[in-house]
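Notes follow once the structure below has been shown.
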Amino acid sequence: MKFLSFKIFILCILLPPILYIFSVLSIESQLRKHYTEEIKEICTGDTRPLFNGSVRLKDAINRNIDGYLHSKAIIPLGVKVNVAVTTKQNTILYPAFFEEEEDSVLAPNPMKVAAENYNLLEEGIVIKVDLTLEHNTLLSNTMLAFYILASVLVLYFYYKTGIKKATQEDTEKSKKITRLLKLEKNQTKNLKALVKIKQKLTSEISDMKKRLGKERVKARKNEEEMIKEIVALEEKFNENLALQNTNQEEIDTLIEKLKRFEKANRKENRQKAKALNPVRKRFKTLYKNVSINEKAVNGFVDLTDDMKIKSEEIIHKLNEDPKYVQVKRKVFGKKGRTTIQEVIFAYKGRLYFRNTKGSRIEILTIGTKNTQTKDLEFLDNL
């Protein structure tokens, strides 16, 4: 549509994936920073059991981090978190690995465990958090759907604005055409009146000249008065001639305006021709049980949006099951031709169809009450 900005259209297509990517990166960065800080705080927990040897440092870290990760409701929605805890000497503390215990029968020596915990803490703990917001999960899909919906709403807003503007222009154009036609009619009427006046004046001048010739012979004394009268008549003629020239200029102006209007009308016809192809493809794709005449496609394009919806509802019913269509009357063709049925929609709309071979429906024409006469002539000439 000419009022829909191409830039807006491209932005509405490109922005959802771009915003989605930036949102994923931003969420990953924020969550990674947040989780790292919180894991640092809860990593070792209470240090008293560590120093009295009742709990190993590795076990405490694994228990605390596992409990922390299980408490986060956002992780099952599509957030993948990998945590690695080591000492500065690269001793792995988390995640836990299966190790062969040296003395599985004897209970661990608390002093030895405490010493081991102390040595590990002295080395220093290094925490690395790798967080990824996975694609095609509930959280990521929700974000993408939100951006797509927002983009569609923006595009719909610009589309409705363009439709409204186009409707206003069409209304103004129709008013202007009506005014010009009325003005043309008035000017044509005035021109005819002026032509009659010209003919009358020409006839009167001719008679005057004849009478003047006769009177000149009879009465030389009245010659001056007669000349004055002729001059007055010629002035009147010139005035009328100037008026005719003015009217002719106005007529030429109207003709030029009509040419421009015809040019604009041809442009609209070309635009209408472009609009026919999508309608043909749509009908051919959606309604495979009916055949639609080219006259019906042209009539459908000329309908208003509301009437298009109502007429397409009738087409849909004919395609699915013709018995659900309420027929107003039957239009009988010439002898030996198939009976044509008429359906009314949207009060003024008219749709004509007939049954063909193979129990198929052929939609012959679609129009309004204003085009009914031409539609019936078309049906009569099938």
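What the table below lists for this structure:
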quantity: Hey, residue 51 hydrophobic (A, V, I, L, M, F, W, C), modelled with pLDDT under 85 and either closer than 30 Å to residue 144 by Cα or exposed (fewer than 13 other Cβ atoms within 10 Å of the Cβ) (or both) or not; calculated: no
quantity: Condition met for residue 179 (free of Cβ contacts under 8 Å to residues at least 12 places away in the same chain, surrounded by 12 or more Cβ atoms within 10 Å (Cβ to Cβ) and over 19 Å from residue 239 (Cα atoms)); calculated: no
quantity: Some residue of the stretch 219-230 being at pLDDT below 85, outside any helix (DSSP H, G or I) and not charged (D, E, K, R); calculated: yes
quantity: Top-ranked residue in the stretch 108-123 [being more than 11 Å from residue 54 (Cα to Cα) and out of contact with any strand residue (DSSP E or B) (no Cβ under 7 Å at 6 or more places or on another chain); ranked as surrounded by the most Cβ atoms within 10 Å (Cβ to Cβ)]; calculated: 116
quantity: Among the candidates 58, 40, 33, 7, residue that is in a helix (DSSP H, G or I), charged (D, E, K, R) and surrounded by 16 or more Cβ atoms within 10 Å (Cβ to Cβ); calculated: 58
quantity: Selection from the stretch 74-98 of residues that are surrounded by 11 or more Cβ atoms within 10 Å (Cβ to Cβ) and part of a strand (DSSP E or B); calculated: 79, 80, 81, 83, 84, 85, 86, 87, 92, 93, 94
quantity: Residue in the stretch 359-368 that is assigned to a helix (DSSP H, G or I) and more than 30 Å from residue 171 (Cβ to Cβ) present; calculated: yes
quantity: All positions within the stretch 194-214 that are modelled with pLDDT of 85 or more and aliphatic (A, V, I, L, M); calculated: 194, 195, 197, 201, 205, 208
quantity: Subset of the stretch 75-106 (residues that are aromatic (Phe, Trp, Tyr) and modelled with pLDDT of 85 or more); calculated: 94
quantity: Residue satisfying all of: in the stretch 299-329; within 22 Å of the chain's Cα centre (by Cα) and not in a helix (DSSP H, G or I); surrounded by the fewest Cβ atoms within 10 Å (Cβ to Cβ) among these; calculated: 304
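The values are calculated or read from the model by the stated rules, or taken from the named source; none is laboratory data. Just so it is clear, the model here is predicted, and its values are computed rather than measured. A quick note on method: Cβ atoms are made from the backbone with ideal geometry, for glycine too, and the neighbour counts reach across all protein chains shown.
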